[in-house]
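Chemist: Quick one: this structure, given as structure tokens, is what I'll be asking you about.
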Amino acid sequence: MQVCWYERMDIALDQLCELIEKRARSLLCELKPPRRLLLAIVGPPGVGKSTLSKHLLSRNAGAPLYAQLAPMDGFHLPNRSLAQLGLLEKKGVPETFDVGRYLALLEALRSGECMSAPAYSRISHEPVPNAYSFNEHNRTIIAEGNYLLLNDPEWTKIADLVDFSIMLDEADDVLVSRLCERYARSGRSEADALARARGFDMNNAALVRSRSRSANVNVATDQCPVRSPVIR
């Protein structure tokens, strides 16, 4: 099944969701409640992880998946903590996240506990607590973030929890363009946005591509290192 994820976003998004939903329904049939299914949407900055996650949620808030979000970005360390650690300018690299707390949340949610997950505000640039609530009806966790499959001592326990994963990728010049638009909306100058996207963010993209475990589904354009889709 060929998915042209970025060339025809309106069509491809639903097509990709259908592929994910079919596999998720099959996996859920193998799980005994209260155990939940953990889906992971992974990829470099600016690739469309949040877009796919929110679209999946809009299609599957009800039966049979009863999905809810638990994004990685809600576990950014607060800016004050990053400043104290000398990491504020590196915000977004793996060590600027509270990996242990995210792992604990995903373990609890996967086992069936009812609790809330934080989000991240692109306005205040801080975590927002209790943004997403899980109740006894929710059967599917949609986790999304750069590093969920990272083959790294601090992150590998999260990768071990994942039941089904989707890796998105796109050509660097497209990622840079999208990131520059995002930075412009937050008030960065054009020159500053371009420098950060080409340098810092593309370094993170290289890290995701080179040090992540293989995903179950890989979706990318022909210009990317990952071909689309490979289904495992």
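The values are calculated or read from the model by the stated rules, or taken from the named source; none is laboratory data. Remember, predicted model here, so these are calculated numbers, not experimental data. We place every Cβ from the backbone using ideal geometry, glycine too, and count neighbours over all the protein chains shown.
Chemist: Can you say whether Ile41 is of a type outside the set (Ser, Thr, Tyr), part of a helix (DSSP H, G or I) and within 15 Å of Val162 (Cβ to Cβ), as far as the supplied structure shows?
Modeler: no
Chemist: Return yes when Ser212 is over 24 Å from Leu39 (Cα atoms), among the small types (Gly, Ala, Ser) and at pLDDT 95 or above and no when it is not.
Modeler: No; evaluated as a whole, the condition is false for this residue.
Chemist: Would you confirm whether any residue within the range 22-37 is closer than 29 Å to Ser210 by Cα and under 16 Å from the mean Cα position of the chain (by Cα)?
Modeler: The answer is yes; a qualifying residue exists.
Chemist: Let me ask something else about it. Only one of (1) of a type in the set (A, V, I, L, M); (2) surrounded by fewer than 19 Cβ atoms within 10 Å (Cβ to Cβ); (3) free of Cβ contacts under 8 Å to residues at least 24 places away in the same chain fails for Ala193. Which number is that?
Modeler: (2)
Chemist: Filter the range 83-123 down to the residues that are in a helix (DSSP H, G or I) and of a type in the set (Val, Ile, Thr), then identify the one that is surrounded by the most Cβ atoms within 10 Å (Cβ to Cβ).
Modeler: My answer is Val99.
Okay, residues lined up against (1) aliphatic (A, V, I, L, M); (2) surrounded by 14 or more Cβ atoms within 10 Å (Cβ to Cβ):
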site: Pro127; (1), (2): no, yes
site: Asn135; (1), (2): no, no
site: Arg139; (1), (2): no, yes
site: Gly145; (1), (2): no, yes
site: Asp152; (1), (2): no, yes
site: Ile158; (1), (2): yes, yes
site: Leu161; (1), (2): yes, yes
site: Ile166; (1), (2): yes, yes
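Chemist: Would you mind finding the one in Leu65, Leu57 that is surrounded by 20 or more Cβ atoms within 10 Å (Cβ to Cβ) and either touching a strand residue (DSSP E or B) at 6+ places or on another chain (Cβ under 8 Å) or farther than 20 Å from Met167 by Cα (or both)?
Modeler: None of the other options fit; the residue is Leu65.
Chemist: What are the residues in the range 1-49 that are modelled with pLDDT under 95 and among the hydroxyl-bearing types (Ser, Thr, Tyr), if any?
Modeler: Tyr6
Chemist: I'm checking my understanding of the structure. Among residues of the range 133-186 that are part of a strand (DSSP E or B) and among the hydrophobic types (A, V, I, L, M, F, W, C), which one is farthest from Ser58 (Cα to Cα)?
Modeler: Going through the qualifying residues, I end up with Leu150.
Chemist: Moving on. Restricting attention to the range 53-82, which residues are more than 18 Å from Ser121 (Cα to Cα) and either assigned to a helix (DSSP H, G or I) or free of Cβ contacts under 8 Å to residues at least 40 places away in the same chain (or both)?
Modeler: His55, Leu56, Leu57, Ser58, Arg59, Asn60, Ala61, Gly62, Ala63
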